[in-house]
1. Please sort 69-79, 104-114 by packing, taking for each peptide the average over its residues of neighbouring beta carbons within 10 angstrom, highest first.
2. Can you list the residues of the stretch 107-139 with backbone N under 18 Å from a point 7 Å past the Cα of Ala154, pointing along Cα to Cβ?
3. Would you mind getting me the FRET efficiency between Leu66 and Gln26? Use the beta-carbon distance for r and R0 = 35 Å, nearest 0.05.
4. Within the stretch 77-129, which chymotrypsin sites (Phe, Trp or Tyr not before Pro) sit in a loop by DSSP and count at most 16 neighbouring Cβ atoms inside 10 Å?
5. Quick query: amide H of Val76 versus all other amide H atoms, modeled in the peptide plane; which residues come in under 5 Å with a sequence gap of 5 or more or a different chain?
6. Where the accessible area of the chain is counted over protein heavy atoms with a 1.4 Å probe, how much of it, in %, is carbon and sulfur?
7. Taking the Cα centre of the chain as the origin and placing charges on Cβ (Lys, Arg +1; Asp, Glu -1), which of Ala107, Ala134, Tyr43 is farthest toward the positive end of the dipole?
8. Under a point-charge model restricted to the Cβ atoms of Lys and Arg (+1) and Asp and Glu (-1), what is the dipole moment magnitude of the chain relative to its Cα centre, in debye to the nearest 20?
Amino acid sequence: FGFIGRLHRTKGVDVFLEALQEYRHQTGNKASALIAGSGESSYVQYLKNKYEDENTVFAGYISPELFFTQIRFLVVPSVYYEPFGRVFIEGLAYGVPTLGSCRGGGAEILRQGQTGWLFEPEVSNLVPLLREAAACEGDTYNRMRESALSDSLAYSNDAVPYTQLTLPTKRRWDIDVC
C-alpha cells in the first residue's frame, strides 16, 4: 500500500496508517506501507513516532515513477473535499488500483470495484477495504490494473480539450473612462 502527497491532517494519512495498524492487528498480515511526501516537520515527526516501523517506510520525496512501481494499491484518504486530486489520475496512469476517499473529485474519477474502491475516510471504513485489496490477486487484480490504465486515457493531453483564450485588444487601464 502507498500514500503520496503532502503530509497534512487534511490528507488523511493518519486515517490510513491507523487503519493499516488495525488491519495488521486483526489479520496478522504485516502489509507494507510506503509513505512518500513531506509536510510540516512537527506533524511528520508525530506520524513517524506513532507509525514508522519495519513495514511502514516514510520515504520523503520520491519520484512518482519510483513510488508507483513499488506499490500495489494507492491509498488517498483525504478528509476534506478535494475538488480534483491529481493523484487519482496518476494512480490510474500507472495502472495502480486506488482506495480513495469519496469526498471530492475522487468519487468522480474512480469506478467502484473496477479501478479501486471509494470509502468515507474513517478507520472503520478503510480496514475492510485494506482486507479486500490485500486479498485481490491474479486475474481480478490484473483486470483492475487494466481498467485503471484504460480510464487514465480520458485524462490524457489528447483527450482533454483546450480552448484558445482571446484577450481583448484594449486592457482596462488603456480605456479612457473620463
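The values are calculated or read from the model by the stated rules, or taken from the named source; none is laboratory data. Everything quoted here is computed from the prediction, not taken from an experiment. Backbone-built Cβ (ideal geometry, glycine too); neighbour counts: all protein chains shown. The accessibility values were calculated without ligands, DNA or RNA, using every heavy atom of the protein model including side chains. Shrake-Rupley method; radii C 1.70, N 1.55, O 1.52, S 1.80 Å.
1. Values: 69-79: 21.0, 104-114: 17.3.
Sorting 69-79, 104-114 by mean packing, highest first, produces 69-79, 104-114.
2. It comes to 107-119, nothing else.
3. Numbers: r = 31 Å, r/R0 = 0.87.
With R0 = 35 Å, the Cβ-Cβ based efficiency is 0.70.
4. Within the stretch 77-129, the qualifying chymotrypsin sites (Phe, Trp or Tyr not before Pro) (loop, at most 16 other Cβ atoms within 10 Å) are Tyr80, Tyr81, Phe84.
5. Leu99, Gly100, Ser101
6. Details: 5260 of 10160 Å².
Of the solvent-accessible surface of the chain, carbon and sulfur hold 52 percent.
7. Tyr43
8. Charge dipole of the chain: 260 debye, to the nearest 20.
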